[in-house]
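Worksheet: the structure to be examined is printed underneath.
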Amino acid sequence: MARFLDPGNGAWTAEQIDAMNRIRDAALSDDFALAELRHLTDNIGPRLSGSPQAAQAVDYVAAEMRALGAAVTLEKTTVPHWVRGLETAALVNWNGMAPNTVQKIVLTALGGSGATPAAGITAPVVVVPDFDVFKRLPPGALKGKILLFNHAFDKQLAAQGSGGEAYGQSVVYRTAGPGLAASAGALAVLVRSVGGTEYRLPHTGVAFYDPALPRIPAAAVTAEDADLIADLATQGAVQMHLTLTPQNLPKVESYNVIADWKGSTHPEQVVIVSGHLDSWDLGTGAIDDGAGVVVSMQAIHLLQKLNIHPQRTIRFVAWMDEESGSEGAQTYAADHAGELKDHVAALESDLGCDHPTGIIFDGAPELREWLAPVARQLAPIGAAVLSAGEDVGEDVNSVVSQGVPGFTPAQDGRFYFNYHHTAADTFDKVDPRHLNENAAVMAVLAYALADSSTPAPRAVAK
Ligand SMILES: [Zn+2]
């Protein structure tokens, strides 16, 4: 029974537990993260890799972190430079149509998509629900056709809070579908939007191509338009006119922003606290992932404000190019390959900023018990649940795979994928209270990992 009354402080002293509580409370009443997010989204705007806004955001965040007294370096990387063009589509022939009419189709080009001729293309649409049906198409069935992958996002799964799982089941159609369609000789490819919105909003995202095959035009259609096309296709031939004019320009130089809050006794030991600075171009990247960047900035801001200097270095990273191929994360893993033994932990927030219910960890099973004293300090904000996971953030996954313990806030996942990669990912979607709850989780956790008596237990490299 005594264990319930005094569960112990584990790897921390009573003073350090007190510091966690002060950081948590300060996070909840601080407007730094919100102000930074407002600037990134409303003032700078969308931050697509290779864009002038992404470059401006790098300079802005670097200056803000310098102002906090952190040691800032810009880590050079090379990123894709894709620019959206015109994107229109209409059905021009289908069963039962009124003569001389069209039906508008709402879509948006996928990142990396190739272009149609400026005047567009007109072609029949072939609809498949999944890869199994795609594989069974007779050879040549897609020659000169537009292929639609009509795989529905599982809204029920998302409604139960497992938005990430629902996304994982569908996103492969967007990432791999275009390359497969090109390999089968399709003229262009459409993918049902990977997301839960019901307001006829298309969700963009990256498409990957085999460099040996043509970069065919690729777009996401809204769920409503995918249903329409699929319905008409069961009744007879459907013809579409499609115009997509994006440009794939030469790669450009860009940067990860790295800002170290130096450790007082073990500066070489590093805890990464991070989000990705690039975003898609339809909205302003507030929940994906401006929020992750600013809650990570807030972690350093709170240490400065409370004059707390943990033993190990807390390294803020604003990653570049998560959305278009994670060039920034690959550069970091290569540049710091020899230092990963001194990386004590890696945190990333990249699942929005709804209410956090706790912490997801990826690493040794012992982490659960080791972290328990930290989780208890997050109970007052309802964020004390520890759960094991295998994906704590695209940018830190490669570091985590080398045995570095990985962490991310566990988010209420019911709503994120309604806005994700759409024009509706804007500043107003962020609840200031939830933003600060996430900042509290990131800041308390980063501090705890940087100041524990012994480093967090490590896993063997995967
Ligand atoms: Zn993201």
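A short reminder: the numbers here are calculations on the coordinates, not readings from a lab. None of these values were measured; they are calculated from a predicted model. As a convention, Cβ positions derive from the backbone with ideal geometry for all residues, glycine included, and neighbour counts pool all protein chains shown.
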Q.
With N set to the number of residues, divide the alpha-carbon radius of gyration of the stretch 395-462 by 2.2 N^0.38 Å and report two decimals.
A. 1.44
Q. Ordered by residue, what ³J(HN,Hα) values in Hz, to whole numbers, does the stretch 42-52 give under the Karplus form 6.51 cos²θ - 1.76 cosθ + 1.60, where θ = phi - 60° and Gly and Pro are x?
A. 6, 8, 7, x, x, 10, 5, 3, x, 8, x
Q: Extending each Cα 7 Å along its Cβ direction at residue 103 and residue 5, get the distance between those two points in nm, one decimal.
A: 7.1 nm
Q: Indicate, rounded to the nearest 5 percent, the antiparallel portion of the DSSP beta bridges found entirely in the chain.
A: 55 percent
Q: In whole angstrom, note down how far apart the Cα centers of the stretch 185-203 and the stretch 331-389 are.
A: 33 Å
Q | Computed P(r) (all Cα pairs; the stretch 272-395; 5 Å bins; percent) | A | 2, 10, 16, 21, 23, 16, 9, 2, 0
**Q.** Cα-based shape type of the stretch 249-300, given that a ≥ b ≥ c are square roots of the gyration tensor eigenvalues and the cut on a/c is 1.5
**A.** oblate
Q: For the stretch 73-83, just list the computed ³J(HN,Hα) in residue order, Karplus coefficients 6.51, -1.76 and 1.60, θ = phi - 60°, integers in Hz, with x standing in for Gly and Pro.
A: 10, 9, 9, 6, 9, 10, 10, x, 10, 10, 10
Q: Nearest 5 is fine: what % of DSSP beta bridges in the stretch 289-429 come out antiparallel, could you say?
A: 50 percent
Q. Where does the chain land on the Kirkwood hydrodynamic radius, alpha-carbon pairs, in angstrom?
A. 23.0 Å
Q: List, in order, the whole-Hz ³J(HN,Hα) value for each residue of the stretch 139-151 obtained from phi through the Karplus relation with A = 6.51, B = -1.76, C = 1.60 and θ = phi - 60°; use x for Gly and Pro.
A: x, x, 5, 9, 4, x, 10, 9, 9, 10, 7, 9, 9
Q | Cα gyration tensor, the stretch 136-274 - rounded (a/c under 1.5), prolate or oblate | A | prolate
Q: Could you calculate the contour length gain from residue 63 to residue 342, that is, 0.36 nm times the residue separation minus the distance between their Cα atoms, to one decimal place in nm?
A: 97.8 nm
Q | Cα pair distances of the stretch 338-462 binned at 5 Å [whole percent] | A | 2, 11, 21, 23, 19, 12, 7, 4, 1, 0
Q) If you wrap a convex hull around the Cα atoms of the stretch 1-152, how much volume per residue is inside, in Å³? A) 337 Å³
**Q.** Amide proton proximity set for residue 48, modelled H, under 5 Å, gap of 5+
**A.** 54, 279
Q: Starting from 0 in steps of 10 Å, tell me what percent of the Cα-Cα pairs of the stretch 212-354 lands in each bin.
A: 10, 28, 26, 17, 11, 6, 2, 0
Q.
Of all beta bridges DSSP finds with both residues in the stretch 109-223, what is the antiparallel percent, to the nearest 5?
A. 5 percent
Q. Between residue 335 and residue 156, how many nm apart are label points set 7 Å from Cα along the C-beta direction?
A. 4.7 nm
**Q.** the stretch 267-325 versus the stretch 392-406: alpha-carbon centroid distance in Å
**A.** 15 Å
Q: Beta carbons within 10 angstrom, averaged per residue: use that to sort the peptides 345-353, 372-380, 67-75, highest first.
A: 345-353, 372-380, 67-75
Q. Tell me, how many Å apart are the Cα centres for the stretch 63-87 and for the stretch 103-127?
A. 31 Å
Q: Summarise the long-distance tail of P(r) for the stretch 58-105 by giving the % of C-alpha pairs beyond 17 Å.
A: 66 percent
Q.
For the chain, what does the relative contact order come out to in percent, with C-alpha contacts under 8 Å and a separation of six or more?
A. 23 percent
**Q.** Relative contact order, percent, the stretch 186-250 [alpha-carbon distance under 8 Å, six or more residues apart]
**A.** 36 percent
Q: Mind running the shape call on the stretch 120-198? Use the C-alpha gyration tensor, a ≥ b ≥ c as the square roots of the eigenvalues: rounded below 1.5 for a/c, prolate if a/b tops b/c, oblate otherwise.
A: prolate
Q. Near the amide H of residue 386, under 5 Å away, which other amide H atoms are found, from residues 5 or more places off or on another chain, if H is placed in the peptide plane?
A. 359
